[in-house]
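Read through the structure below, which is laid out as structure tokens, and then see the notes.
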Amino acid sequence: QVQLVESGGGLVQPGGSLTLSCAASGSIFSDSMLGWYRQAPGKQRELVAEINTDPRSRYIDSVLGRFTISRDNAKNMVYLQMNSLKPEDTAVYYCRLDLHFRAYWGQGTQVTVSS
């Protein structure tokens, strides 16, 4: 059973930075596609960034140049470095792992960007 635990969320002022971390259990991590999603109040959950096993990453346009996704297979960790944060980045952020046509989710971590 895969378990994902996110951490690193919090309250930050506009223009600030946060780094989210996601720890995964299990030995399948290096073969997995990893992603960060977010869900703002009243909105659908959306993909923010994902990274494959190459590793190659991709981002939604609204975070391109501000967010960086990375993975450390030795530590079973995936990270989301978020810079130049904006109020519209406020959401619950979720880590997702995809392997063998199954998706696993973390419990989410709140990110609030406000002055």
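The values are calculated or read from the model by the stated rules, or taken from the named source; none is laboratory data. In this text, all values refer to a predicted model and were calculated from it rather than measured experimentally. Ideal geometry is used to build each Cβ from the backbone, glycine not excepted, and the neighbour counts take in all protein chains shown. The area values use the complete protein model at the heavy-atom level, side chains included, leaving out ligands, DNA and RNA. Shrake-Rupley method; radii C 1.70, N 1.55, O 1.52, S 1.80 Å.
Structure data summary
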quantity	calculated
Enumeration of residues in the range 92-115 that are aliphatic (A, V, I, L, M) and either closer than 15 Å to Gly16 by Cα or open to solvent by 10 Å² or more (accessible area, probe 1.4 Å) (or both)	Val92, Leu99, Ala103, Val111, Val113
Cβ pairs under 9 Å, 6+ apart, first in the range 63-75 and closer than 15 Å to Tyr93 by Cα, second part of a loop (DSSP other than H, G, I, E, B) and open to solvent by 70 Å² or more (accessible area, probe 1.4 Å)	Ile69/Pro55
Failed criterion for Ala24 (all others in (1) open to solvent by 60 Å² or more (accessible area, probe 1.4 Å); (2) in contact with a Cys (Cβ under 9 Å, 6 or more places away or on another chain) hold)	(1)
Per-region count, the range 33-53, residues among the aliphatic types (A, V, I, L, M), more than 21 Å from His100 (Cβ to Cβ) and surrounded by 15 or more Cβ atoms within 10 Å (Cβ to Cβ)	2
Matching residues, the range 60-80, being open to solvent by 60 Å² or more (accessible area, probe 1.4 Å) and either on the phi > 0 side of the Ramachandran plot or among the polar types (S, T, N, Q) (or both)	Ser62, Gly65, Thr68, Asn73
Ser84 vs. criteria in contact (Cβ under 8 Å) with a residue 60 or more places away in the chain, open to solvent by 50 Å² or more (accessible area, probe 1.4 Å) and at positive phi	yes
Selection status of Ser30, open to solvent by 30 Å² or more (accessible area, probe 1.4 Å), at positive phi, out of contact with any helix residue (DSSP H, G or I) (no Cβ under 8 Å at 6 or more places or on another chain) and not in a strand (DSSP E or B)	no
Whichever residue in the range 1-21 is assigned to a loop (DSSP other than H, G, I, E, B) and over 21 Å from Asp72 (Cβ atoms) and, among such residues, is most open to solvent (accessible area, probe 1.4 Å)	Gln1
Test for Arg56: is it at pLDDT 95 or above, within 12 Å of Leu4 (Cβ to Cβ), open to solvent by 30 Å² or more (accessible area, probe 1.4 Å) and among the charged types (D, E, K, R)	no
